[in-house]
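First up is the structure itself, then whatever we jot down about it.
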Amino acid sequence: MDTRIFEDVLVLLEERNMSRAAARRNITQPAFSRRIRSFEIWLGVDILDRKTNRIDISSALLANEAEIRAMMARLRELRTKIAYYKPSGATVEIAAQHAPVSSTFSDMVLRAQAVFPDLRFRLRAGNLKDCVTLFVRGDTSLLLCYEALSGERLKFDSSVRRGLWGKDYLIPVVGGVLRYSVKDNRDIPQSTPAIVYPDNSYFGEVLNEAERQFGTASFSANQICQTAFSSGMREMILKGLGVGWLPFSMVHKEIESGALISLAQSLGQEALDVAIYANTDIEIAESLIEFWTTKTPTKSDFVIK
């Protein structure tokens, strides 16, 4: 079954522009226009008002956008159930930021498998914006992400449920030979090399907003590397290449062992929610968020100040 025509329509609804929608679908605008016309022929009515200087989308299509997305989600779920059928098993797709993949996802899978032993996961990792797009488009039924308490929560329609796996903190840490430059009050010279987040990354935006030292290039006197991948940053910090900010759940063992030193006492910390969003139209997603958000808290859910 070729469902591309519905995917074309959804992209058009997101972009509200034929040229941008065609670019997103990696085809020429004339080819994209022909595919939309094929949809209109199948539907029996026009969905576009083709005027001289612009193209308007019909109110009938706009009013049924949520229904189209729900239909596509159900089709994908049906395809997955048939392709990966097991009498007692299922495959669930989850979009997740890179950072919670490293810090949280493994614990979530282990806990789920204790109750759903035949459950399989297909993980789609990316930056927050890409993960939200995958989730909204119906490519995944779950979204795992960090949300800073200093910012706003993501906004979805009533078919999406938010749950809280736990709490975390973004903290500055230093390792390797740079540990010996840390003062008794847990301060560190401003000239210390820094591994920072890009301004357009989620953590970069959070740290920029709070004006946190060593968080981004704007607040670092000696930036040596810029990366949005927290797991790669962790390895560089452990080797002493620079000071940087990481989720506490990703580094609490290294802090306990002394391989890393937390600088939160002098530089502060940013509180984070580990949030889960589920498409409640999909039964397994609803079951998982209910299970995950009623769990017993563990040590990794909390920061040691």
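Residue 152 meets all of the listed conditions (1) under 24 Å from residue 75 (Cβ atoms); (2) modelled with pLDDT under 90 but one, namely (1). Residue count for region 1-52 under the criterion of being assigned to a loop (DSSP other than H, G, I, E, B), in contact (Cβ under 8 Å) with a residue 12 or more places away in the chain and among the β-branched types (Val, Ile, Thr): the result is 3.
Residues that are surrounded by fewer than 19 Cβ atoms within 10 Å (Cβ to Cβ), at least 3 per element: which strands (runs of 3 or more DSSP E) completely within region 190-305 meet that?
223-226
Do we find a residue being of a type in the set (Lys, Arg) and outside the structural domain of residue 78 (by TED's automatic domain parsing) anywhere in region 146-158?
Of all residues in region 146-158, those of a type in the set (Lys, Arg) come to 153, 155.
Still in the list and also outside the structural domain of residue 78 (by TED's automatic domain parsing): none.
Checked region 146-158: no residue is of a type in the set (Lys, Arg) and outside the structural domain of residue 78 (by TED's automatic domain parsing).
Could you tell me whether any residue of region 135-143 is part of a helix (DSSP H, G or I), among the hydrophobic types (A, V, I, L, M, F, W, C) and in contact (Cβ under 8 Å) with a residue 24 or more places away in the chain? Scanning region 135-143 turns up at least one residue that is part of a helix (DSSP H, G or I), among the hydrophobic types (A, V, I, L, M, F, W, C) and in contact (Cβ under 8 Å) with a residue 24 or more places away in the chain.
Every listed requirement among (1) under 19 Å from residue 280 (Cβ atoms); (2) among the β-branched types (Val, Ile, Thr); (3) surrounded by fewer than 23 Cβ atoms within 10 Å (Cβ to Cβ) is met by residue 101 save one, (1).
The values are calculated or read from the model by the stated rules, or taken from the named source; none is laboratory data. Please read these numbers as outputs of a predicted model, since none were measured by experiment. In this analysis, Cβ positions are derived from the backbone assuming ideal geometry, glycine residues included, and neighbour counts consider all displayed protein chains.
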